[in-house]
Amino acid sequence: MARLDETHKMPIFQKAEQILKLTEGLVHIIPAENEFLQETTVRFMLENAMIIPAKIAGAEAGDLYDLRMENAAIIRKAARELYVQAGSLRYEDGITDTDYIYLLRNTIEEFRFLFIDWVAGFDVWNYIKDSWGLFNPPGVNAHDKDPDEDIPFNPNDFFNSDDDDDDL
């Protein structure tokens, strides 16, 4: 629980929560009678806004470089989509409070700078090789030999040895 508390105190997480709250407020100014926007934009905006803090928490909990980078890629995608979705609302009839749109977009831009620094702080030496090749640290290739393959493993050393029953 302490690690989650630390995550909630991080500036990037707090900014993500701010983005979520702003998005929740913004969707309330979308006219209820505009069924198309209600079924598409509202749903997708809320989904993207909810993904961001959840994936930050996931990246912090996972701590491995490859998992953190995977979460970072999902965060980046969600934030960029949310930025575009909010911007597209400027051209919709019935949405008069465009200040809210600009406030959300500016907050996403502030988040982007925090995101850059956050990702730069990932420990490139704390990784498990990504055999798909997408999220390996610099200098590690998916075709490289996995260093863990040389570690001898005999399951009998760990599980159900007949000799263990005598010790009971």
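The values are calculated or read from the model by the stated rules, or taken from the named source; none is laboratory data. The shown structure was predicted, so the numbers you read here are calculated from the model rather than taken from an experiment. Here Cβ is always computed from backbone atoms with ideal geometry, including for glycine, and neighbour counts include all displayed protein chains. Note: accessible area is taken over every heavy atom of the protein model, side chains too, but ligands, DNA and RNA are not part of it. Shrake-Rupley method; radii C 1.70, N 1.55, O 1.52, S 1.80 Å.
What do you reckon, is Ala61 modelled with pLDDT of 90 or more, aliphatic (A, V, I, L, M), assigned to a helix (DSSP H, G or I) and surrounded by fewer than 17 Cβ atoms within 10 Å (Cβ to Cβ)? Here the answer is yes, as Ala61 does meet what is asked.
In the set Gly94, Gly25, only one residue is touching a residue at least 24 places away in the same chain (Cβ under 8 Å) and outside any helix (DSSP H, G or I); that residue is Gly94.
Comparison of Gln18, Gln14 shows that the only residue that is part of a helix (DSSP H, G or I), open to solvent by 40 Å² or more (accessible area, probe 1.4 Å) and within 19 Å of Asp97 (Cβ to Cβ) is Gln18. Across segment 28-50, the number of residues qualifying as β-branched (Val, Ile, Thr), in a loop (DSSP other than H, G, I, E, B) and without any contact (Cβ under 8 Å) to a residue 60 or more places away in the chain comes to 0.
Out of curiosity, is Ala78 open to solvent by less than 10 Å² (accessible area, probe 1.4 Å) and either under 10 Å from the mean Cα position of the chain (by Cα) or aromatic (Phe, Trp, Tyr) (or both)?
Details: open to solvent by less than 10 Å² (accessible area, probe 1.4 Å): yes; either under 10 Å from the mean Cα position of the chain (by Cα) or aromatic (Phe, Trp, Tyr) (or both): yes.
So Ala78 fits the description; yes.
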